[in-house]
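Notes to accompany the following structure.
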Amino acid sequence: MTGFRTTLPAHSAAPATSQGAAPLAFAARAWFVVTVIGQFLFASYIAVLYGGGVLRGDPMVLKAVMPKGYVLGDRVGNLTIVIHLVLALLIMSAGSLQLVPAIRRRWPIVHRVIGRSYITSALLISVGGLYLVWVRGTVGDLAQHLGSTLNAGLIITCGALAWRAARARDFARHRRWALRLFLVASGVWFFRVGLMAVLLVFRRPVGFDMNTFTGPFLTALTFGESLVPLLALQLYLWAQGSRTSATGRWLVAGTLVLLTCGMALGIIAASMGMWLPHMK
């Protein structure tokens, strides 16, 4: 995987001097910086809250935020939750490293090792997530479960296609599928950030019931955690094309900036209301 600047092959990327290329590059870098900060905070939250609890021998910490995080007597389900959290920590910690072009150029072996571990972890966490949703059971209704299943299917598909392209040494295609994998593998993170952004703006639940954790907004958010980032990436790839007008690049850059601002709001809200309090 590599960064947005080198997602497409050189012959199809927008020239550096093209009108609109600079704001597009700025928007992509801003998105990357905000994403790295947000995912680092989420990874720290997982490590401190859950990792600390497991090391202390306190399995009940798994229920601190997840209602069904720990079920007495369900060894398979509880073990699946622990593995799920370990893989989530790896994905949140390592994913952004794969978006740094300098790592790929200077330490290609590191890039390959992290990439293989990332794809494997993403595939395993998808299978585990399907088990937790459809076998063990979790919060939400059928529509949300279908949205989560879509996310898992997209992770498996993007991971397999990224792996296949890399083995075929088709690195341009590999980068595109790897970027898609990064986005859909971050779906749970996008869900939390989006939810907290809405709660911060409206100061109350809008379009869903907090007690049952169901409602049209949560349904839309469950599907949107995968589809909105993929659409934004596709717009960015289109804007990078040499035939894209300056107006098109400016519009895509503006869209990315707006999405980044919304993401930043969600990160601030999640950090203040959920992540940092549990890390004390």
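Residues that are surrounded by fewer than 16 Cβ atoms within 10 Å (Cβ to Cβ) and within 13 Å of the chain's Cα centre (by Cα) within the stretch 38-61 comprise just one, 40. For the stretch 1-22, the set of residues classified as more than 23 Å from residue 174 (Cα to Cα) and either at pLDDT 95 or above or surrounded by fewer than 16 Cβ atoms within 10 Å (Cβ to Cβ) (or both) consists of 17, 19, 22, listed by residue number.
I'd like to check something: does the stretch 183-190 contain any residue that is open to solvent by 10 Å² or more (accessible area, probe 1.4 Å), farther than 25 Å from residue 30 by Cβ and touching a Phe, Trp or Tyr at 6+ places or on another chain (Cβ under 9 Å)? The answer is no, given that none of the residues of the stretch 183-190 is open to solvent by 10 Å² or more (accessible area, probe 1.4 Å), farther than 25 Å from residue 30 by Cβ and touching a Phe, Trp or Tyr at 6+ places or on another chain (Cβ under 9 Å).
Residues considered: 264, 197, 220. Of these, the only one that is of a type outside the set (S, T, N, Q) and open to solvent by 60 Å² or more (accessible area, probe 1.4 Å) is 220. The set of residues from the stretch 223-261 being surrounded by 15 or more Cβ atoms within 10 Å (Cβ to Cβ) and among the polar types (S, T, N, Q) comprises 226, 240, 244, 255, 260.
Scan (1) in a helix (DSSP H, G or I); (2) open to solvent by 60 Å² or more (accessible area, probe 1.4 Å) for the single condition residue 73 breaks and write down its number. Result: residue 73 fails condition (1) only. Of all residues in the stretch 189-216, those that are of a type in the set (Phe, Trp, Tyr) have Cβ atoms under 7 Å from Cβ atoms of residues that are part of a loop (DSSP other than H, G, I, E, B), 6 or more apart or on another chain, in 208/215; 213/139; 213/140.
Applying a threshold of 8 Å to beta carbon distances and a minimum spacing of six or more residues, or different chains, the list of pairs starting in the stretch 84-95 at a residue that is in contact (Cβ under 8 Å) with a residue 60 or more places away in the chain and ending at one that is aromatic (Phe, Trp, Tyr) reads 91/118; 92/40; 92/42; 92/189; 95/118; 95/182.
The values are calculated or read from the model by the stated rules, or taken from the named source; none is laboratory data. Everything quoted here is computed from the prediction, not taken from an experiment. With ideal geometry, Cβ positions are generated from the backbone for all residues, glycine too; neighbour counts draw on all protein chains shown. Accessible surface areas use protein heavy atoms only, side chains included; no ligands, DNA or RNA. Shrake-Rupley method; radii C 1.70, N 1.55, O 1.52, S 1.80 Å.
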